[in-house]
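The block underneath contains the structure these notes are about, expressed in structure tokens.
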Amino acid sequence: MTEKPNLQDDFYRIKKLPPYVFQEVNTLKARLRNQGADIIDFGFGNPDLPTPPHVIEKLIETVQKPNTTGYSASRGILGLRQACARYYNRRFDVKLDPEDEIIATIGSKEGFANLAQAITAPGDIIYAPDPSYPLHAYGFIIAGAKIQAIPAMTADEYLAGIKDALATAEKLPIAIVVCFPSNPTGHIANLDFYTEIVAIAIKHGILILSDLAYSEIYFTDPPPSIFQVPGAKDIAVETISLSKTYSMAGWRMGFAVGSKRLIAALARVKSYLDYGAFTPIQVAACAALDGPQECVTEARNTYKSRRDVLIESFNRSGWEIAPPEASMFIWVKLPNNFQKMGSLEFSKRLMTDASIAVSPGVGFGANGEGYVRMAVVENEQRIRQAARNLKKFLD
């Protein structure tokens, strides 16, 4: 007799995913707000700055044209891929072919996840930074890969960990994930880092997936692209996003660029899954990339000012914080008296007792335990109010 499937069991891929730790914090935040609490929210990296007016104007202009509201192109319209090529040439002095080295994605997250599906076979090994954005590991876990987490508080630590792992590996990874400027730590990797990791990848026949979502939110030297290293295009793909650079998070617009082989694989998968982003959004994204760039400088200066206000005011309140080099995030060790509590319980306690929401570090990997991430998406007045709340809480 044929055995019936148990429809009450968790589905195969769902079993691979742990409970989403941020959901527990978000549920508490929603409940407190429903009760009337004024939560100052540093938890979710959702930009509060307005999208530049010329980008919105281009969207409105384009959406009113009847021939732009049908299906789009899965790879992105040619004009947008050309605008991305111009950006790389202008910013990194890197030449990309819009035909087969660039694909537009529905946000960089979608591109990264579908690339993981495209290149991964069950049992493949992936080296991923820890701590890092959860998708960097779980995009591959969903695809059936095994993750080897490498400590990555800094680029140097990550590079050393990769070398150690390769020296003792029984089976080589098919890919290494790189994310600098880092979400969550805010650290930057320099060109020497990319030069060395590209050499390692070429030597061992390993692919590199580089997440460069925060390329324009920096406070020291501008972060480089992996493609400034000769030979990188043979083995690497880089994802970028307009979400933070142009405050277009909800527009869901990004790119994957680099290796023709990898871009072709991603394009093949995407051709079965989507018709690309809404065409007027793609045209507006061209206006963002090709138009006036003062808005990018203004956004960067705003995040820097908020970063400095938060660090100065929180330090005075008794929580010592070091400034990040880049990104809209601040990565902070728990106050000494709360180290034993753990990042999740501390985050919940900070919200209930001080009306401050942060992201628990454990959600970014095992090495994130003992830290929290704060996004500078509240204005300076709200940041100072948070510091006052914090002082009372710590006292």
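The values are calculated or read from the model by the stated rules, or taken from the named source; none is laboratory data. Given the structure is predicted, the values throughout are model-derived calculations rather than measurements. Cβ sites come from the backbone with ideal geometry, for glycine too, and all protein chains shown count toward neighbours.
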| If you scan the range 42-72, which residues turn out to be closer than 30 Å to Ile142 by Cα and at pLDDT 95 or above? | Phe42
| Candidates Phe393, Phe278, Phe329, filtered to the one that is touching a Pro at 6+ places or on another chain (Cβ under 8 Å), in contact (Cβ under 8 Å) with a residue 12 or more places away in the chain and of a type outside the set (Lys, Arg) | Phe329
| request: Run down Arg90, Arg31 and say which single residue is assigned by TED's automatic domain parsing to the domain that holds Glu369 and either surrounded by fewer than 14 Cβ atoms within 10 Å (Cβ to Cβ) or without any contact (Cβ under 8 Å) to a residue 40 or more places away in the chain (or both). | output: Arg31
| said: Based on this model, can you work out whether Gly144 counts as surrounded by fewer than 20 Cβ atoms within 10 Å (Cβ to Cβ) and either of a type in the set (Gly, Ala, Ser) or in a loop (DSSP other than H, G, I, E, B) (or both)? | reply: yes
| said: Let me confirm something: among Gln339, Gln293, which residue is of a type in the set (S, T, N, Q) and over 22 Å from Glu24 (Cβ atoms)? | reply: Gln293
| field | Options Gly123, Gly70: the member that is at positive phi, part of a loop (DSSP other than H, G, I, E, B) and of a type in the set (Gly, Ala, Ser) | value | Gly123
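Per-residue answers, yes or no, for (1) modelled with pLDDT under 95; (2) over 25 Å from Lys163 (Cβ atoms); (3) part of a loop (DSSP other than H, G, I, E, B); (4) not acidic (Asp, Glu):
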{"residue": "Ala85", "(1), (2), (3), (4)": "no, yes, no, yes"}
{"residue": "Tyr88", "(1), (2), (3), (4)": "no, yes, no, yes"}
{"residue": "Lys95", "(1), (2), (3), (4)": "no, yes, yes, yes"}
{"residue": "Tyr127", "(1), (2), (3), (4)": "no, no, no, yes"}
{"residue": "His136", "(1), (2), (3), (4)": "yes, no, no, yes"}
| remark: Conditions (1) of a type in the set (A, V, I, L, M, F, W, C); (2) surrounded by 21 or more Cβ atoms within 10 Å (Cβ to Cβ); (3) more than 14 Å from Arg91 (Cβ to Cβ); (4) in the same structural domain as Ala175 (by TED's automatic domain parsing) -> Ala299 fails only (4)
| query | What is the number of the single condition among (1) modelled with pLDDT under 95; (2) assigned by TED's automatic domain parsing to the domain that holds Leu212; (3) farther than 30 Å from Leu191 by Cα that Ile106 does not meet? | reply | (3)
| field | Any hit, the range 196-205, residues being out of contact with any Phe, Trp or Tyr (no Cβ under 7 Å at 6 or more places or on another chain), among the hydrophobic types (A, V, I, L, M, F, W, C) and within 29 Å of Lys333 (Cβ to Cβ) | value | yes
| request: May I ask you to say which residue of Gly186, Gly123, Gly111 is touching a residue at least 24 places away in the same chain (Cβ under 8 Å) and under 23 Å from Lys16 (Cβ atoms)? | output: Gly111
| query | So which residues in the range 322-351 are within 23 Å of Gly36 (Cα to Cα) and crowded, with 16+ Cβ neighbours inside 10 Å, if there are any at all? | reply | Leu344, Phe346, Ser347, Lys348, Leu350, Met351
| task | Would you check which residues across the range 73-83 are at pLDDT 90 or above and not polar (S, T, N, Q) and list them? | result | Arg75, Gly76, Ile77, Leu78, Gly79, Leu80, Arg81, Ala83
| task | Evaluate the following for Thr62: is it hydroxyl-bearing (Ser, Thr, Tyr), within 23 Å of Gly250 (Cα to Cα) and in the same structural domain as Trp331 (by TED's automatic domain parsing)? | result | no
| task | Could you check how many residues of the range 354-395 are surrounded by fewer than 19 Cβ atoms within 10 Å (Cβ to Cβ) and not in a helix (DSSP H, G or I)? | result | 4
| note | Of the residues in the range 203-239, those that are closer than 17 Å to Ala104 by Cα, aliphatic (A, V, I, L, M) and either surrounded by fewer than 21 Cβ atoms within 10 Å (Cβ to Cβ) or free of Cβ contacts under 8 Å to residues at least 40 places away in the same chain (or both) come to Leu212, Ala236
| the range 194-223, residues that are of a type in the set (A, V, I, L, M, F, W, C) and assigned to a loop (DSSP other than H, G, I, E, B) | Ile206, Leu212, Ala213, Ile217, Phe219
| said: When the residues of the range 240-261 are narrowed to those that are among the β-branched types (Val, Ile, Thr) and crowded, with 24+ Cβ neighbours inside 10 Å, which ends up nearest to Lys203 (Cα to Cα)? | reply: Val257
| So Ala104, is it buried (at least 19 other Cβ atoms within 10 Å of the Cβ), touching a strand residue (DSSP E or B) at 6+ places or on another chain (Cβ under 9 Å) and without any contact (Cβ under 8 Å) to a residue 60 or more places away in the chain | no
